[in-house]
Amino acid sequence: MDTEVLARIQFAFTIAFHYIYPPMSIGLGLILVIMEGMYLRTGKKLYEDMTRFWIKIFALIFGIGVATGIVMEFEFGTNWATYSKYVGDIFGSALAAEGIFAFALESGFLGVLLFGWNRVSPPVHFFSTVMVWLGSMFSAVWIVIANSWQQTPAGYRIVGEGLNARAEITDFWAMIFNPSSIDRLWHVWIGAFLAGAFLVLSVNAWYILKKKHLEIAKPAFKIALVVAVCSSLAQLFTGHHSANGISVHQPAKLAAFEGHYDSLAVADMYIFGWVDQKTQKVSGVSIPGGLTFLLYQDFKTPVRGLNSFPEADRPKQVNAVFQFYHIMVSIGMALIALSLFAAWQWRRGKLFEKRWLMWVFVWAVLLPQIANQVGWFSAEMGRQPWVVYGLLRTSDAFSRVVTANQILFSLVLFTVVYTVLLILFLYLMTKKIQHGPDHSAHDEEANSRRDNPLMDQI
């Protein structure tokens, strides 16, 4: 197999596996803040118990997320040396900021979050929960900024020529607020909120079905449902706004999203379909002029199609981009429908009476994860053949000294290691879920304080 293809497959595999965990930690962090905030506000121990339980899940997710994220930084140097040299000043500054301003904040307060229940006052512990959540949010900020700069470069200049060419920052704030960074950041954040919310919904739906921990499961389900409703509706608007930005800055990607080939014509919006790249036709169900209407609020304004770009400057795998994009959109609409239906049942007082609905929520935990994955796939594959849009082609970015056999061997090893990690993660997660919340946690804390009067002074 071609070295470039193998290098891309390896990076896609490692980042896809890693990207399972950060969105869950960001979304779960938000719900932890809400749960512990409810405990401080009401003083009810059930909120403390559910917070303690989900902190254990959060710690597991955080740990494996850190472990799987380190590998990618090494891949930049081994498989993508030309790319690393070209964007090192820009990408490196964003990664450094992520380590200094985000990871340090998150990991610094993580110890208090995990082990501070009996050692600090409730407001201080709540503060640490907020800081850990903000740290995970800031981590996403710098990663998304770095990736968004590759999509829509700004605030830079090119120094040198040929193999010695590299990008330098000329305007730090222009680099941060590049044309796509804010839209993509909101889209990523809200996708993460959905991942965390549906994880909590899934586990508590299972408890409700099994009639376990109901005094905690039902309130926790309602908290997560509120987050799911708000986030799913918000994602509809951020997705639309992001598509508008893509139409301006990456029109070839948008054309690939809808399989739109005509050089300059009114564009349909497909509900689902299949792209035949040889005939440049799409078969499926569409809304005539739908894409044109979403972009320009009329049915007459033409949209640039793939044929208006040189063949070498447009995505090769148009059908794959089309399918990934439409899977993401379909799941987004399904999450809106499911969340609103559950909210309606809640209002009617029948939310927990429908067992089939609880079973749907048990398995719906997969939907945000799939949407997040295919969303990234469509964004990255739609950017091709550029690794830095309009500046550096993917074919010029990988390391020339690394052979296909070396990449294949390391890919096999990564597959084995990541499979073991996934099995271990699922085993530990299942074990914690089956054990459930510790209802006597607050009693243990009270006993600890009675045994150590000094704790009352903290």
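Check off (1) closer than 18 Å to Val388 by Cβ; (2) over 20 Å from the mean Cα position of the chain (by Cα) for Gly108 and give me the number that stays unchecked.
(1)
Based on this model, can you work out whether Gln384 counts as buried (at least 18 other Cβ atoms within 10 Å of the Cβ), touching a Ser or Thr at 6+ places or on another chain (Cβ under 8 Å) and at pLDDT 90 or above?
Yes; evaluated as a whole, the condition is true for this residue.
Any idea which residue in segment 176-209 is surrounded by the most Cβ atoms within 10 Å (Cβ to Cβ), counting only those that are of a type in the set (A, V, I, L, M, F, W, C) and touching a Phe, Trp or Tyr at 6+ places or on another chain (Cβ under 6 Å)?
Filtering first and then ranking leaves Leu201.
What is the one condition in (1) in contact (Cβ under 8 Å) with a residue 24 or more places away in the chain; (2) among the aliphatic types (A, V, I, L, M); (3) closer than 30 Å to Leu413 by Cα that Ile70 does not satisfy?
It fails just one condition, (1).
I need the full set of residues from segment 304-359 which are within 21 Å of Trp376 (Cβ to Cβ) and in contact with a strand residue (DSSP E or B) (Cβ under 7 Å, 6 or more places away or on another chain), in order please.
Residues satisfying the conditions are Val318, Asn319, Phe322, His326.
Does Leu291 satisfy the criteria of being in a helix (DSSP H, G or I), surrounded by fewer than 16 Cβ atoms within 10 Å (Cβ to Cβ) and either in contact (Cβ under 8 Å) with a residue 60 or more places away in the chain or in contact with an Asp or Glu (Cβ under 8 Å, 6 or more places away or on another chain) (or both)?
no
Can you tell me how many residues in segment 121-177 are assigned to a helix (DSSP H, G or I), within 30 Å of Tyr39 (Cα to Cα) and out of contact with any Lys or Arg (no Cβ under 9 Å at 6 or more places or on another chain)?
The total comes to 19.
Closer than 22 Å to Glu380 by Cβ and either in contact with a helix residue (DSSP H, G or I) (Cβ under 9 Å, 6 or more places away or on another chain) or touching a residue at least 12 places away in the same chain (Cβ under 8 Å) (or both), is that true of Ile216?
no
Scan segment 292-347 residue by residue and report those that are hydroxyl-bearing (Ser, Thr, Tyr) and more than 23 Å from the chain's Cα centre (by Cα). Step through it out loud before you land on a result.
First pass over segment 292-347, keeping only residues hydroxyl-bearing (Ser, Thr, Tyr): 292, 296, 301, 308, 325, 330, 339.
Within segment 292-347, Thr292, Tyr296, Thr301, Ser308 meet the criteria.
Based on what the data block shows, is Gly88 closer than 30 Å to Val248 by Cα and surrounded by fewer than 19 Cβ atoms within 10 Å (Cβ to Cβ)?
It is true that Gly88 is closer than 30 Å to Val248 by Cα and surrounded by fewer than 19 Cβ atoms within 10 Å (Cβ to Cβ).
Tell me which residues, restricted to segment 30-76, are among the hydroxyl-bearing types (Ser, Thr, Tyr), within 26 Å of the chain's Cα centre (by Cα) and closer than 17 Å to Phe221 by Cβ.
Within segment 30-76, just Thr51 meets the criteria.
Out of all the residues in segment 226-262, which are touching a His at 6+ places or on another chain (Cβ under 6 Å) and either without any contact (Cβ under 8 Å) to a residue 60 or more places away in the chain or outside any helix (DSSP H, G or I) (or both)?
Thr238, the sole residue that qualifies.
If we keep just the residues of segment 425-441 that are part of a helix (DSSP H, G or I) and in contact (Cβ under 8 Å) with a residue 24 or more places away in the chain, which is farthest from His213 (Cα to Cα)? Walk me through how you get there before you give the answer.
Residues of segment 425-441 part of a helix (DSSP H, G or I): 425-435, 441.
Those still in the list that are in contact (Cβ under 8 Å) with a residue 24 or more places away in the chain too: 425, 428-429, 432-433, 441.
Working: Phe425: 23, Leu428: 19, Met429: 17, Lys432: 13, Ile433: 11, Ala441: 14 Å.
Filtering segment 425-441 for residues that are part of a helix (DSSP H, G or I) and in contact (Cβ under 8 Å) with a residue 24 or more places away in the chain, the one farthest from His213 (Cα to Cα) comes out as Phe425.
So if I check each of Gln317, Gln297, which one is under 27 Å from Ser148 (Cα atoms) and modelled with pLDDT of 90 or more? Reasoning before the result, please.
On the way: Gln297 fails: modelled with pLDDT of 90 or more.
Exactly one of Gln317, Gln297 is under 27 Å from Ser148 (Cα atoms) and modelled with pLDDT of 90 or more, namely Gln317.
Would you mind telling me which numbered condition in (1) under 30 Å from Val402 (Cα atoms); (2) without any contact (Cβ under 8 Å) to a residue 12 or more places away in the chain Gly43 fails?
The one condition Gly43 does not meet is (1).
In segment 349-369, which residue that is loosely packed, with under 13 Cβ neighbours inside 10 Å and part of a helix (DSSP H, G or I) is farthest from the chain's Cα centre (by Cα)?
Once the filter is applied, the top-ranked residue is Glu353.
Out of Ile143, Ile100, I need the residue that is aliphatic (A, V, I, L, M) and crowded, with 17+ Cβ neighbours inside 10 Å. Which one?
After applying the criteria, what remains is Ile143.
For the condition touching a His at 6+ places or on another chain (Cβ under 7 Å), crowded, with 21+ Cβ neighbours inside 10 Å and not β-branched (Val, Ile, Thr), what is the one hit in Glu36, Glu48?
So the residue among Glu36, Glu48 that is touching a His at 6+ places or on another chain (Cβ under 7 Å), crowded, with 21+ Cβ neighbours inside 10 Å and not β-branched (Val, Ile, Thr) is Glu48.
Given Val227, Val248, which one is closer than 24 Å to Arg184 by Cα and either polar (S, T, N, Q) or buried (at least 19 other Cβ atoms within 10 Å of the Cβ) (or both)?
The match here is Val227.
Residues Ser410, Ser399, Ser395: which one is of a type in the set (S, T, N, Q) and not in a helix (DSSP H, G or I)? Lay out the reasoning, then the answer.
On the way: Ser410 fails: not in a helix (DSSP H, G or I); Ser395 fails: not in a helix (DSSP H, G or I).
Of Ser410, Ser399, Ser395, the one residue that is of a type in the set (S, T, N, Q) and not in a helix (DSSP H, G or I) is Ser399.
Please verify whether segment 17-32 includes one or more residues that are in a helix (DSSP H, G or I) and surrounded by fewer than 18 Cβ atoms within 10 Å (Cβ to Cβ). Write out each step before concluding.
Applying the first criterion (in a helix (DSSP H, G or I)) to segment 17-32 yields 17-18, 21-32.
So of that shortlist, the ones also surrounded by fewer than 18 Cβ atoms within 10 Å (Cβ to Cβ) come out as none.
So far as segment 17-32 goes, no, none of its residues is in a helix (DSSP H, G or I) and surrounded by fewer than 18 Cβ atoms within 10 Å (Cβ to Cβ).
Just checking, how many residues over segment 294-316 are of a type in the set (Ser, Thr, Tyr) and in a loop (DSSP other than H, G, I, E, B)?
Number satisfying all stated conditions: 1.
Any idea which of (1) out of contact with any Ser or Thr (no Cβ under 9 Å at 6 or more places or on another chain); (2) not in a helix (DSSP H, G or I) is the one Asn118 doesn't satisfy?
(1)
The values are calculated or read from the model by the stated rules, or taken from the named source; none is laboratory data. Please read these numbers as outputs of a predicted model, since none were measured by experiment. Cβ coordinates were reconstructed from backbone atoms using ideal geometry, including for glycine residues, and neighbour counts include every protein chain displayed.
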